[in-house]
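> Sending over a structure as structure tokens; questions will come in a sec.
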Amino acid sequence: MTQHTQQHSTWLAARAADLSVNDLWAHYYSVGGTLETFELDAYLHGMYPLPLGDRNMIALALNELIDDLPRRPKAEFVDTPLV
């Protein structure tokens, strides 16, 4: 995985989870991250390259937040033949 691929997948995941930069930053900081909010925002938008350790810390924080989100409703299947 390239740096750009990791950054882009992080941005997509944060967007799909509807998490704000502030939400992500607060959790990232609580797990030991050291970036400022504006640096995290710039990274998410592909304007601020980061070393692997920082990228992985952001991914960890984001994945933990996503894991804590309520499950989304799913479409139900009919498992009996239609008559």
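The values are calculated or read from the model by the stated rules, or taken from the named source; none is laboratory data. The shown structure was predicted, so the numbers you read here are calculated from the model rather than taken from an experiment. Don't worry about glycine lacking a Cβ; one is built from the backbone with ideal geometry, like all the others, and counts go over all protein chains shown. All accessible areas refer to the heavy atoms of the entire protein, side chains included, with ligands and DNA or RNA removed. Shrake-Rupley method; radii C 1.70, N 1.55, O 1.52, S 1.80 Å.
> Hey, any idea what % of the stretch 14-67's accessible area is carbon plus sulfur with a 1.4 Å probe?
Looking at the stretch 14-67 in its full context, I get 55 percent from C and S.
> Also, quick follow-up: Using heavy-atom solvent-accessible surface (probe 1.4 Å) with all chains present, what is the largest-first order of ARG71, ARG55, ARG15?
Ranked list, largest accessible area first: ARG71, ARG15, ARG55.
> Taking the Cα centre of the stretch 1-64 as origin, sum charge times position over the Cβ atoms of Lys and Arg (+1) and Asp and Glu (-1), and report the length of that vector in debye to the nearest 20.
Approximately 180 debye in magnitude.
> Order GLU36, GLU64 by their accessible area, 1.4 angstrom probe, all chains in place, largest first.
GLU36, GLU64
> A further question on this structure: For the chain, set up a Gaussian network in which alpha carbons nearer than 10 Å are linked by springs, and say which option among ASP67, ASP23, ASP41 fluctuates the most.
Greatest mean-square fluctuation among the candidates belongs to ASP67.
> On a 1.4 Å probe surface of the protein chains, which of MET1, MET57 comes out largest in accessible area, and what is the full order?
MET1, MET57
> Pick from LEU44, LEU62, LEU12 the residue whose mean-square fluctuation is largest in a GNM of the chain, springs joining Cα atoms under 10 Å.
LEU12
> Here are a few candidate values for log10 I(q)/I(0) by the Debye sum over Cα atoms at q = 0.13, 0.22, 0.25 Å⁻¹: (1) -0.73, -0.99, -1.06; (2) -0.59, -0.95, -1.06; (3) -0.44, -1.00, -1.27. Which one was actually calculated from the structure I just gave you?
The value matching this structure is (3).
> Counting only heavy atoms of protein chains, what accessible area per residue, in Å², does the chain have with a probe of 1.4 Å?
Result: 73 Å² of accessible area for each residue.
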